[in-house]
Amino acid sequence: MTATAIGAYATAALLKARIAISDTTDDTVLTSICDEINQYVESKTHRVLAPIASTTYLYDGNGGDTLYLPFPVDKTPIGGIRALTLVEVAAYTAAAFETLASTQYFLRSRASITGPFEWLHFTDRPTGTYTRWPRGYATVRLTGTAGWDAIPDDIAELALTAATKAWHAVESGQTDIVGTDEMGRPLVSRFFSARDMETLRRYGTGLPG
């Protein structure tokens with residue numbers, strides 16, 4: 001998962017509790033399984049489905065009055081912005097940033113009830129120097145929290161269920177759960193049911209994964 005995300009969908013501690021393991025003999029394998037499952041969840045949804053602490057993100061201005069928030073310029077799949085504390089714009093690429101008044105923009109379109117906002121709108125009645133997000137590279141700088149308010153319960157459950165299936169596969173002698181099949185798909189995908197895959201699709205950005 002992204003380093004700034006708070007929490008993980010499946011953890012070795014939760015997995016050990018579910019499969020009734022109390023010793024530390026298999027901790028390395030269990031941790032590896034959970035890491036693979038967590039990575040797969042984000043590769044399918046193209047989002048971090050966990051809280052992300054406040055930090056700063058850069059976006060390319062498009063000259064319009066809306067910005068799509070799930071992917072900053074570094075392509076970190078933050079999922080969207082939960083709350084903003086500072087919005088800055090530069091008139092053109094590499095120009096100095098100027099702070100926008102909070103009355104000049106609005107967050108809209110939450111990804112889910114507890115999810116982040118996907119769009120940042122410029123006000124329809126601007127009163128400052130700017131009326132649109134300045135066109136250019138990294139001309140918009142946002143500071144705020146991202147990701148979900150908390151890891152969704154259904155995501156945590158499906159991740160832990162998949163991790164449990166993966167552990168049972170290891171126990172039965174199938175130790176190579178990491179890698180890809182002949183189609184280039186992660187092998188961990190076999191541990192997600194059709195229902196779970198539909199859940200991941202619902203949380204996704206709509207990008208192919």
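Some observations on this one:
- Ranked by the mean number of other Cβ atoms within 10 Å of their residues, highest first, the peptides 137-144, 75-82 fall in the order 75-82, 137-144.
- Hydrodynamic radius (Kirkwood) for region 52-161, which is based on Cα pairs only, to one decimal in Å: 14.4 Å
- Over all other residues within a Cβ to Cβ distance under 10 Å of D26, the charged ones net out to -2, with Lys and Arg as +1 and Asp and Glu as -1.
- Sequence-distant residues sharing a close amide H with G79 (under 5 Å, placed H): V48
- Cross-link partners for K75 among the lysines, with Cα-Cα distance under 21 Å and sequence neighbours closer than 8 places in the same chain left out: K44.
- Computed over region 51-147, relative contact order equals 47 percent, with contacts defined as Cα pairs under 8 Å that lie 6+ residues apart.
- Evaluated at q = 0.09, 0.16, 0.17 Å⁻¹, a Debye calculation over the C-alpha positions of the chain (equal weights, vacuum) places log10 I(q)/I(0) at -0.43, -0.98, -1.06.
- Whichever lysines have a C-alpha closer than 24 Å to that of K16, once near sequence neighbours (fewer than 8 apart) are set aside: K165
- Chain lengthening between S22 and R108 when straightened (0.36 nm per residue, less Cα-Cα): 26.4 nm
- Principal axes of region 1-93: Cα extent on each, largest first, Å: 59, 24, 18
- Per-pair calculated FRET efficiency, R0 = 25 Å: A83 and T129 via Cβ, rounded to 0.05: 0.55
- Ordering of 44-57, 19-32, 160-173, 97-110 by burial proxy (mean other Cβ atoms within 10 Å per residue, highest first): 44-57, 160-173, 97-110, 19-32
- The chain - percent relative contact order, Cα under 8 Å, separation 6 or more: 28 percent
The numbers here are math on the coordinates, done by the rules we state, and not lab data. Quantities reported herein were computed from a predicted structural model and do not represent experimental measurements. Note that we place each Cβ from the backbone using ideal geometry, even for glycine, and neighbour counts take in every protein chain shown.
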